[in-house]
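This report concerns only the one structure given below.
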Amino acid sequence: MAKFTVFFKNKAVQSYIYDSGIVRIGRDSSNDLVIDNLTVAPAHAIITINKDNCIVKQLSDNSPLIVNNEKIDETFLQNNDTITIGKYSIIYSTTESVMPDIDTFSFNNKDVERLNSKLEEKVNIPNANLQVMDGQHIGRILPLKKSMTRFGHTGNGIVIISKRKDGYFMSSLETDMNILINQKPLADQTIQLKNNDIILINNISMQFFLEQ
């Protein structure tokens with residue numbers, strides 16, 4: 001599990017937990033980790049999380065990315081690494097707790113406790129599933145238990161469904177593919193899923209539904 005805690009002026013202001021997948025970082029609201037500040041590019045960096053490692057990558061030469069005070073284009077992250085983006089710092093942790101170097105950060109523990117409480121609220125939103133509506137796997141239930149779930153195959157359409165405090169959101173990693181929600185193209189949007197929405201990925205129809 002990967003945890004990212006965002007600091008501004010030595011104060012924890014946001015915190016996110018992801019199991020795996022792609023995490024987009026930037027100023028634009030379509031990102032997974034949003035930092036609404038002009039020192040941050042609309043699409044600043046991308047983090048790839050899988051079972052064995054976590055990689056952060058700069059998206060533009062005009063948008064500097066610094067890890068542990070060193071400017072980088074791409075690197076593997078280690079527990080408690082510090083990512084600097086604009087005027088903000090992000091602590092990466094592989095555990096539930098964040099323990100940054102106290103010489104680098106001085107913060108109120110209540111800030112982190114408050115953020116952890118918000119994360120618990122996010123995790124405790126109603127469970128949701130996708131049900132396959134056609135094809136050889138018709139009727140199959142696909143649970144959306146993780147913070148981020150990936151569906152599809154490269155070249156045929158890949159989508160990410162993110163579980164957040166305020167619901168489930170879907171975005172595409174391949175915007176040129178014919179991925180539909182309720183018969184409308186997803187394209188480069190991030191859309192909040194509603195109960196009984198119909199999703200078409202790689203010609204397979206699935207229905208999103210919340211557990212009662």
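The values are calculated or read from the model by the stated rules, or taken from the named source; none is laboratory data. The structure presented is a predicted model; accordingly, all values stated were derived computationally and were not measured. Glycine gets a Cβ as well: all are built from the backbone with ideal geometry, and neighbour counts include every protein chain shown. The accessibility values were calculated without ligands, DNA or RNA, using every heavy atom of the protein model including side chains. Shrake-Rupley method; radii C 1.70, N 1.55, O 1.52, S 1.80 Å.
Within the stretch 124-172, the residues that satisfy the criterion of being in contact (Cβ under 8 Å) with a residue 12 or more places away in the chain, of a type in the set (Val, Ile, Thr) and not in a strand (DSSP E or B) are ILE125, THR154. Candidates ILE83, ILE72, ILE17: the one that is closer than 30 Å to LEU144 by Cβ and at pLDDT 85 or above is ILE83. Looking at this structure, is VAL23 β-branched (Val, Ile, Thr) and in a loop (DSSP other than H, G, I, E, B)? Answer is no for this residue.
Summed over the stretch 56-74, the residues that are in a strand (DSSP E or B) and open to solvent by less than 40 Å² (accessible area, probe 1.4 Å) give a count of 3. Considering every residue within the stretch 35-46, establish whether at least one is out of contact with any Gly (no Cβ under 6 Å at 6 or more places or on another chain), at pLDDT 90 or above and assigned to a strand (DSSP E or B). There is at least one residue in the stretch 35-46 that is out of contact with any Gly (no Cβ under 6 Å at 6 or more places or on another chain), at pLDDT 90 or above and assigned to a strand (DSSP E or B).
On inspection, ASP19 qualifies as in contact (Cβ under 8 Å) with a residue 60 or more places away in the chain and surrounded by fewer than 16 Cβ atoms within 10 Å (Cβ to Cβ).
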